[in-house]
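Comments concern the structure below.
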Amino acid sequence: KPDVITLDIQMPRMDGLTFLKKIMSQHPIPVVVISSLTTKDSKIALTAYETGAIEVIEKPVMNSELLHEQWKHRLFDAIMAASKSMVTKKVLNLIDTKPKVSFVSNNSINKNTVCNSLILIGSSAGGTEVINSIVSNLKIDTAPILIVQHMPELFTGPYASRLNTNSKIEVREAIAGDELHRGLALLCPGNKHMEIKNNGFNFFVDLNSREKVNRHRPSVDVLFNSALKFSGTNILSIILSGMGSDGSAAMLKLKDAGALTVAQSKDSSIVYGMPKEAVRIGAASFSMTIEQIIDCINEFSKKQ
């Protein structure tokens, strides 16, 4: 039984997704999908995440030493994250999701109301389906949510669309200038940093392509640091499954400013790296299961 399997999608006899479904349903093993996926194939990547892949990365274009080095680190991080993951058959059924049918229209939310509260979510390996479980169980008037998920740029648009399909709230990939309002969740585009800005009337998001932080773009730390412009007591900051420490340093600043800070619990995390670091340095005030995080978000939104 191997510690980690790296898996292509296009293979003879049995394609990678079929193989992944079989192995995750019978003998769960941490899997990293490595494939030459294109934009039109991004749904395949999302299916791989949904089926239980710890990480999905693209085959590299080795046309420069810099790109070679960057991809080498990405491959190393993906395999290490997979090797430390807790993969079971439960990965396919974290929490029952509720398809978006007969919900109150998103137009019922007053988008002109000045935003006075904010929910921040940072996530990496093992977090894609956790986010899906969370947003699909939130109320339509939930406080605005900003999400950084470490994911290639080709995947974030289709991923946001899938989240939106499963959710009462509106979920979409962020566009520079998007204003924050209740019932809206914005996912940071891959290969961009997302920051919160204030135009004097309302808060909105800005995107940039500045240097990677913690080897990531988008970086959770970048988003969390920008939220210090908010009144700290009106912020709920959450770190989900993932390897490394992205988000912890900025979460500690948010906590010191009065924010409510939460790390996903060890038993519910597929990769207990980022949440573990947040707990270790004292940045997270609470360690919560997925169900508890959902309840926390709903209660936080109700009080604001």
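Data table
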read-out: Added length on full extension, which subtracts the Cα-Cα distance from 0.36 nm per residue, Glu291 to Thr6; value: 99.5 nm
read-out: GNM top mover of Ala82, Ala176, Ala45 - the chain, alpha-carbon springs below 10 Å; value: Ala176
read-out: For segment 159-213: rounded, prolate or oblate by the Cα gyration tensor [a/c cutoff 1.5]; value: oblate
read-out: Protein-only accessible surface order, largest first, of Ile235, Ile44 at 1.4 Å; value: Ile44, Ile235
read-out: Surface share of carbon and sulfur [accessible, 1.4 angstrom probe, percent] for the chain; value: 53 percent
read-out: DSSP-loop trypsin sites (Lys or Arg not before Pro) across segment 1-38, with at most 14 other Cβ within 10 angstrom; value: Arg13
read-out: Potential lengthening between Gln70 and Glu153 on full extension [0.36 nm per residue; Cα-Cα distance subtracted]; value: 28.4 nm
read-out: Shape call, segment 177-255: gyration tensor on alpha carbons, a/c limit 1.5; value: oblate
read-out: Contact order normalised by residue count of the chain, Cα under 8 Å, 6+ apart, percent; value: 15 percent
read-out: Cys296, Cys188, ranked by accessible area, largest first (probe 1.4 Å); value: Cys296, Cys188
read-out: Heavy-atom accessible area per residue - the chain, 1.4 Å, Å²; value: 45 Å²
read-out: Packing-based order for 54-61, 208-215, 238-245, using average beta carbon neighbours within 10 Å, highest first; value: 238-245, 54-61, 208-215
read-out: Above-threshold pairs, the threshold being 18 Å between Cα atoms, out of Lys255/Lys276; Lys84/Lys255; Lys21/Lys43; Lys1/Lys266; Lys84/Lys276; value: Lys84/Lys255; Lys1/Lys266
read-out: Unit charges on C-beta of K, R, D, E only; dipole of segment 158-268, Debye; value: 100 debye
read-out: For the chain, calculated [θ]222 nm from helices alone, where every DSSP H run of n ≥ 4 adds -39500 (n - 2.57); value: -9500 deg cm²/dmol
read-out: Amide N of segment 3-24 lying under 20 Å from the label point, which is placed 7 angstrom from the Cα of Met62 along Cα→Cβ; value: 6-10
read-out: Global geometry of segment 131-271, whether rounded, prolate or oblate, following the gyration tensor of its Cα atoms and the 1.5 cut on a/c; value: rounded
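The values are calculated or read from the model by the stated rules, or taken from the named source; none is laboratory data. Because the structure is predicted, anything quoted here is derived from the model rather than measured. Glycine also receives a Cβ, built like all others from the backbone with ideal geometry; neighbour counts cover every protein chain displayed. Protein only, heavy atoms only, side chains kept; ligands, DNA and RNA dropped before computing areas. Shrake-Rupley method; radii C 1.70, N 1.55, O 1.52, S 1.80 Å.
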